[in-house]
Each structure stands twice: as structure tokens, then as C-alpha cells.
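The next block holds one structure in the form of C-alpha cells; read it before the comments.
The values are calculated or read from the model by the stated rules, or taken from the named source; none is laboratory data. The structure presented is a predicted model; accordingly, all values stated were derived computationally and were not measured. Cβ coordinates were reconstructed from backbone atoms using ideal geometry, including for glycine residues, and neighbour counts include every protein chain displayed.
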């Protein structure tokens, strides 16, 4: 009896792996979302406000990036369609 192993790569687990073969955490929209959310967090006080008025424009740009990224990722999560659609309302 011969024991062999296969080196074939499987793409399993929708929606974690999408059509281009990259995992969700390697998708450009996810990376943009993560970076923008982290940057926004750094501007926030503990209560979630942005106390420095000089940071408000940057915060608006970060929120726009977050909103766009959520919109781009939403089709990968059809089971959360209503929730994600509500989160990107102007």
C-alpha cells in the first residue's frame, strides 16, 4: 500500500474566501476598513467623540473610507445584507 499526500489547494469556506482566491483578511476593502477604523479609533476620546476640532476633517475622511469598504465587502456577506445596508446610510 502506498501512502501519498496531495498538495492540491482547496478553496473552502464562503464567504471567507472569495472569487479571486484571497482570504477575506487579504481583500483590499478589508485592509482599508481595518486601517481606517484603527486610525479613527486613535482620534477618539474614550466616549467615542473626536474632541480636537482639527481632527474632524480627517475623521470624516476615515468614516467615508469605512463606509465605502463596508459597501464593497457587503456582497460577500449576503446573510447580513440588511444590517450592512443600514450601516452605510448617509
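For residue 54, the conditions (1) modelled with pLDDT under 95; (2) out of contact with any helix residue (DSSP H, G or I) (no Cβ under 6 Å at 6 or more places or on another chain) all hold with the exception of (1). Applying the criterion of being in a loop (DSSP other than H, G, I, E, B) and under 13 Å from residue 73 (Cβ atoms) to the residues of the stretch 20-29, the residue that is modelled with the highest pLDDT is 27.
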